[in-house]
Amino acid sequence: MPLSKINFRPGVNRETTRYASENGWFDSDLIRFRKGRPEKLGGWIRLSSNLIQGVGRSLHVWSSFAGSKFMGLGTESKFYIEEGGGYNDITPIRTTTTLGSNPLKTGSAGSGVLTVTAPSHGAVNGDFVTFSGATTTDGINATLLNAEHQITLVDSNSYTITTTGSASSGSTAGGGSSIVAVYQINTGLGTVIAGNGWGAGLWGGLTTGYSQTTLNDSGGISNSDTSFTLTSATAFETASTTTSSDRSASDTTIAVADSSGFPSKGTIKIGSENIRYGSNSGNVFGDITRGDDGTTAASSSSGDTVTFVGLMLIDDELIQYTGKSSNTINAGVVRGVRGTTAASHSDGVAVKEANDYVGWGDESSTSAEVGSNIRLWAQDNHEEDLLFNSFDGTPYFWDKTLGLSNRASSLASQSGASNAPTITRRIMVGPKQHILCFACNPLGGSDQDMLLVRWSNTIDENIFDWTPTVTGNAGDLHVSSGSEIITAQKTRQEVLIWTDTSLHSLAHIGGENVFSLNMVANNVSILGPNAATTVGDKVFWIDRENFYAYTGSVQTIPCTLLRYVFDDINLEQNFKCFAASNKMFDEVFWFYPSASSSEINRYVKYNFTENTWDLGTLSRTAWVDYGLHDNPRACGQDSDSTNFVYVHESGNNNDGSAMTSFIESSDFDLGDGEQFMFVDRLIPDIDITSTESSASVNYILKTRDFPGDSFATNSTSAVTSTTQQAFLRSRSRQAALRIESSVTDLTWTLGDLRLNIRPDGRR
C-alpha cells in the first residue's frame, strides 16, 4: 500500500471535540509553533543559587548611567534589586523603636525560640525585624540576636522569633535595655482571599492579629485526615482545666478552676457540648453560647474536664482541634466545621489561627479580613533610579547614588517632595519623564480616589513636586467611566488605562493641559493588574471572557483554546494571572492557576505572527522579556517550593533535569471511519539535536474504535536522528499520534509524517 502523509494544522485546538478537530493538534506541553511546525520549547537555568524570600510577582530591568544592569524583584515579603546574581534587600522600613528592659524571653531549654515583648509593635505574622544592641540571653549569643528575624505573631504586644541558638535553662528573660528594633513594612498576602458575604462562601472572616504558619505534612493532607503536622504549632493554643461548680443546661457563665491558659475568647468543650465564650475574666467564661457547633447544651458536675477547642483556617476549610504534640495537631480534630467543607490541602499552604473567626450569626467586626488580594508590585525606573509600589500601597523611591545597601523610602519623604501621593494602585514613568500614579490620593487629601490619575512636575527637574502651579506642569485627570482603575500599561505612543468597565488612552499633548484622556472602548476590562503586556506597538491582554489586542483600536483575538482556558482557570486567584512576552519568537504567554490550584501552574501561549495557540504546564509567577539581558527571566518554584529566578531560552533542560515536552494530535481515520485501518509502518521526519547520537523522541500511536472509548497505546517507537523507519502494528477505526521527549540535552522540530495505512474491513 502507498504511504499516507499526515499533515496536521498548526496550533492546538480544543474548541470542539477531539474527533471533530481531525487533522489538528489537540494537546501540548512545553512546545511552540515556528513556521507552522511544532518544536520543543527552549529550556531554562537558575540565574544564581541565591534564594528569594517569598513568591516573585514583579520583575523590571534597567541600567545605570555607568552601564550596571539591575533587576527589581518584588514578593509578598520583600523587595530586592538584583545585580550579578545577588539579591540586595531594599524593603522599606516601617518604623524603628527601642524596646524595654530585657524584652527577650527564651522558651524551653534547648530551643532557639524567644518571645519578644514589644507593646503596640504593629507587626503582622511573617513580618521582618532587625535587632541591634541585644546582649547574650540564656546561652543564645548576641550575634544570633542582633540580626534579621521573621516574626511569628502572638498578640499586639508580643511576638516570637526563632534563632539557630539553644537556650541553656529556658524561660529566662534578657537582652538588655538597649535593643533597637527596626521593622520592615508589613508583609502582604501570598494567596487571594475571596470576598465573603451573602452567597459568597464563608460569612465573615478572620479578625486582624491572627497567627499563621504553613502545612508541613510530607505531601499534604486528605479531606479525612485527623492528624497533621505544621511548620510551627506554637501559636495554636491548647488548654485544659476543670469546672469549679455544678451547671445546668441553661447557665450563662462557666466557672472553672483556672482559666489563665485560655485565650480571651474562643470555644471550650465540656463532655460532648461545645460552648462559645466571648470573655475570660476571674476564672469565669462569660458571653457564652451554649450547644455551639451543632452540639447539645447539657448539665454537668463540678470537676468535669474543660478543654479548649482551637480553630484553624486552611484555604476555605475551618478545622477544630483540642490537642497537639509538638508541631502535630492530633487530638479532637473535626474537619469542615461551621458550614465549610473538608478538603485536601497541599504542603506549604497557609494555616491560620482562627479562634476569632467571625461567622454566621456572630457579631460583625470592622476588622474582619474579607476580600483581600495578594501583594502585587508595580515598578519603573526614572533614569537610573527606581520607583515602585505595592497594589493600593505607598509609592517608594530608591536612589541609585546611595548604593544597593540603601533601602527604599517613601516618595513623599524625598527631599523637595511636594504633595506627592501617599497611596496608589500603580506607579509608572510616563511620557517626557513624568511620574504617573493611578488610583491615588488627590492633592491635599489622604483617601484613595479610585479613578484619579496624577502626574509630577518635570520643568524644574524635581520629580517629587506634585503641586500644580502656573509655571509647572504637574496635574491630574479623572477617568470618565467605571468605578475603579484596575491597571495601566505603557505603549510607544500612549498609556492605556483599564477600569472595571472600560479602556482609556492617556496621551501627552504638552501645553497647559499636559495630558489628554480619551475612552477607547466600553464594556471591556482586564482579568487582573498584570494581565496585559506590550510587544512593540501592540498590547495584548485577557479579561474574563476573551483575549484582546490593541493597535490603535481594540480587537478580539480568536482563540482555539478559549473554552478550555476559561473552564480551567481559577478565577478566585485572578490577580495572580499575568501576561508575558517572548519577542524573539513573537509569543505572548498568559500564566494562570488551574481550577484545582491556588498557585500558577499552567500557561496558554499565542504566536501573534503565525496566529497559533498552544498550552502547557509551567510554574512561573513573574516574567521580564529579553532586551537589557540576552534572555527572558522569570520567577518560579522548584519541586520543593523554593523560589528562584530562572533564565529562559537557555539550553534544552529544566534547570539541568529533563523536560517532558509533547504534542498530541486529534483523532484521524480513513474516510469517515467506516472501515478499520491497519497501520504497520512509520517514516519519521524530525530534526533532532542532541549531544548524544542515541538520544530519541518517542512516537506514540494511540488507538480506539469510537470517540467515547478510552485510548489504547498500541505502539511506541523511539526515533533517533538516524531512524529511517519504524514498524508498528495497530488496528482501529481512529487513532491519535503523540510525539514526546523526556531526556536531557535534546531538542526537536517536527516535519511531515508518513504512515503505511490500509483499510482492514468494517468489523
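Under the condition of being in contact with a Pro (Cβ under 7 Å, 6 or more places away or on another chain) and among the aromatic types (Phe, Trp, Tyr), the residues counted in the range 698-724 number 1.
Only one residue in 24, 11, 56, 43 is of a type outside the set (S, T, N, Q) and at positive phi. Which one?
Working: 24 fails: at positive phi; 56 fails: at positive phi; 43 fails: at positive phi.
From the options 24, 11, 56, 43, the qualifying one is 11.
Among the candidates 632, 684, the residue that is within 30 Å of residue 57 (Cβ to Cβ), out of contact with any Pro (no Cβ under 9 Å at 6 or more places or on another chain) and in contact (Cβ under 8 Å) with a residue 40 or more places away in the chain is uniquely 632.
For the range 244-293: of the residues being among the hydroxyl-bearing types (Ser, Thr, Tyr) and farther than 20 Å from residue 354 by Cα, which is surrounded by the most Cβ atoms within 10 Å (Cβ to Cβ)?
Looking only at the range 244-293, we keep the residues that are among the hydroxyl-bearing types (Ser, Thr, Tyr), and these are 244-245, 248, 250, 252-253, 259-260, 264, 267, 272, 277, 279, 281, 289.
With the extra rule that they be farther than 20 Å from residue 354 by Cα, the set shrinks to 244-245, 248, 250, 252-253, 272, 281.
Numbers: 244: 18, 245: 12, 248: 10, 250: 8, 252: 10, 253: 13, 272: 9, 281: 9.
Among them, the one singled out is 244.
The number of residues in the range 136-145 that are outside any helix (DSSP H, G or I) and either touching a helix residue (DSSP H, G or I) at 6+ places or on another chain (Cβ under 6 Å) or over 13 Å from residue 114 (Cβ atoms) (or both) comes to 1.
Would you mind finding the one in 586, 537 that is at pLDDT below 95, over 22 Å from the mean Cα position of the chain (by Cα) and charged (D, E, K, R)? Walk me through how you get there before you give the answer.
Details: 586 fails: at pLDDT below 95.
Unique residue meeting the criteria: 537.
Residue 626 falls short on exactly one of the conditions (1) surrounded by fewer than 17 Cβ atoms within 10 Å (Cβ to Cβ); (2) of a type in the set (Phe, Trp, Tyr); (3) under 27 Å from residue 50 (Cβ atoms), and that condition is (1).
Would a scan of the range 688-697 turn up a residue that is under 14 Å from residue 40 (Cβ atoms) and surrounded by fewer than 18 Cβ atoms within 10 Å (Cβ to Cβ)?
yes
For beta carbons closer than 9 Å, sequence separation of 6+ or different chains, a first residue in the range 254-283 that is within 19 Å of residue 211 (Cα to Cα) and a second that is among the charged types (D, E, K, R) and in a strand (DSSP E or B), the qualifying pairs are 265/276; 266/276; 267/276; 267/292. How many residues are farther than 21 Å from residue 168 by Cα and either in contact with a Cys (Cβ under 8 Å, 6 or more places away or on another chain) or of a type in the set (Ser, Thr, Tyr) (or both) if we restrict to the range 132-155? The qualifying residues number 2.
Could you identify the single residue in 308, 236, 262 that is modelled with pLDDT of 95 or more and either within 25 Å of residue 151 (Cβ to Cβ) or within 38 Å of the chain's Cα centre (by Cα) (or both)? Full working, then the answer.
Details: 236 fails: modelled with pLDDT of 95 or more; 262 fails: modelled with pLDDT of 95 or more.
Exactly one residue qualifies, and that residue is 308.
Every residue, every condition in (1) modelled with pLDDT under 95; (2) assigned to a loop (DSSP other than H, G, I, E, B); (3) of a type in the set (A, V, I, L, M, F, W, C); (4) under 30 Å from residue 747 (Cα atoms), yes or no:
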site: 61; (1), (2), (3), (4): no, no, yes, yes
site: 67; (1), (2), (3), (4): no, yes, no, no
site: 82; (1), (2), (3), (4): no, no, no, no
site: 134; (1), (2), (3), (4): no, yes, yes, no
site: 153; (1), (2), (3), (4): yes, no, yes, no
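Answer yes or no: is there a residue in the range 659-677 that is modelled with pLDDT of 90 or more and surrounded by fewer than 18 Cβ atoms within 10 Å (Cβ to Cβ). Yes; the residues of the range 659-677 include at least one that is modelled with pLDDT of 90 or more and surrounded by fewer than 18 Cβ atoms within 10 Å (Cβ to Cβ). Given the residues 300, 211, 232, which is the only one that is of a type in the set (S, T, N, Q), crowded, with 16+ Cβ neighbours inside 10 Å and in contact with a Leu (Cβ under 7 Å, 6 or more places away or on another chain)? The match here is 211. Quick check: is even one residue across the range 637-647 under 28 Å from residue 13 (Cβ atoms) and among the aromatic types (Phe, Trp, Tyr)? The answer is no, given that none of the residues of the range 637-647 is under 28 Å from residue 13 (Cβ atoms) and among the aromatic types (Phe, Trp, Tyr).
Residue-wise test of (1) under 28 Å from residue 666 (Cβ atoms); (2) among the small types (Gly, Ala, Ser); (3) touching a strand residue (DSSP E or B) at 6+ places or on another chain (Cβ under 8 Å).
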residue	(1), (2), (3)
533	no, no, yes
538	no, no, yes
553	no, yes, yes
557	yes, no, yes
561	yes, no, yes
565	yes, no, yes
568	yes, no, yes
572	no, no, no
579	yes, yes, yes
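A residue that is surrounded by 21 or more Cβ atoms within 10 Å (Cβ to Cβ) and either acidic (Asp, Glu) or at pLDDT 95 or above (or both) occurs nowhere in the range 91-98. I'd like the residue in the range 444-475 that is aliphatic (A, V, I, L, M) and buried (at least 17 other Cβ atoms within 10 Å of the Cβ) and, out of all such residues, is farthest from residue 499 (Cα to Cα). Among those residues, the one meeting the criterion is 463.
Within the range 563-585, how many residues turn out to be of a type in the set (D, E, K, R) and either free of Cβ contacts under 8 Å to residues at least 40 places away in the same chain or under 17 Å from residue 344 (Cβ atoms) (or both)? Let's see the steps before the verdict.
Initial filter on the range 563-585 (of a type in the set (D, E, K, R)): 563, 567-568, 572, 576, 583.
Those left that are additionally either free of Cβ contacts under 8 Å to residues at least 40 places away in the same chain or under 17 Å from residue 344 (Cβ atoms) (or both): 567-568, 572.
Summing the residues that are of a type in the set (D, E, K, R) and either free of Cβ contacts under 8 Å to residues at least 40 places away in the same chain or under 17 Å from residue 344 (Cβ atoms) (or both) in the range 563-585 gives 3.
Does the range 697-715 contain at least one residue that is touching an Asp or Glu at 6+ places or on another chain (Cβ under 6 Å) and without any contact (Cβ under 8 Å) to a residue 60 or more places away in the chain? Checked against the condition, which is being touching an Asp or Glu at 6+ places or on another chain (Cβ under 6 Å) and without any contact (Cβ under 8 Å) to a residue 60 or more places away in the chain, the range 697-715 yields at least one hit. Checked across the range 724-734, the condition of being among the hydroxyl-bearing types (Ser, Thr, Tyr) and touching a residue at least 40 places away in the same chain (Cβ under 8 Å) holds for at least one residue.
Can you pull out every residue in the range 710-748 that is of a type in the set (Val, Ile, Thr) and either buried (at least 17 other Cβ atoms within 10 Å of the Cβ) or part of a loop (DSSP other than H, G, I, E, B) (or both)?
In the first step, residues of the range 710-748 are kept if they are of a type in the set (Val, Ile, Thr); the result is 713, 716, 719-720, 722-723, 739, 743-744, 747.
Scanning the range 710-748 gives 719, 720, 722, 723, 739, 743, 744, 747.
Number of residues in the range 727-754 that are under 16 Å from residue 5 (Cβ atoms) and not hydrophobic (A, V, I, L, M, F, W, C) equals 3.
Looking only at the range 635-651, decide whether some residue is in contact with a Ser or Thr (Cβ under 7 Å, 6 or more places away or on another chain) and surrounded by fewer than 16 Cβ atoms within 10 Å (Cβ to Cβ). Break it down into steps so the answer makes sense when it comes.
Initially, the range 635-651 is screened for residues in contact with a Ser or Thr (Cβ under 7 Å, 6 or more places away or on another chain), giving 635-637.
Now restrict to residues that are surrounded by fewer than 16 Cβ atoms within 10 Å (Cβ to Cβ): none.
No, the range 635-651 has no match at all.
Kindly indicate whether residue 21 is assigned to a loop (DSSP other than H, G, I, E, B) and over 19 Å from residue 77 (Cα atoms).
Details: assigned to a loop (DSSP other than H, G, I, E, B): yes; over 19 Å from residue 77 (Cα atoms): yes.
Taking the combined requirement at face value, the residue satisfies it.
Of the residues screened, residue 740 is one that is closer than 19 Å to residue 660 by Cα and touching a residue at least 60 places away in the same chain (Cβ under 8 Å). Among the residues making up the range 687-717, those that are among the hydrophobic types (A, V, I, L, M, F, W, C) and closer than 28 Å to residue 673 by Cα are 700, 701, 706, 711, 712.
The values are calculated or read from the model by the stated rules, or taken from the named source; none is laboratory data. This one's a predicted model, so the numbers in the text were calculated from it and none came from an experiment. Please note: Cβ atoms are built from the backbone with ideal geometry, for glycine as well, and neighbour counts cover all protein chains shown.
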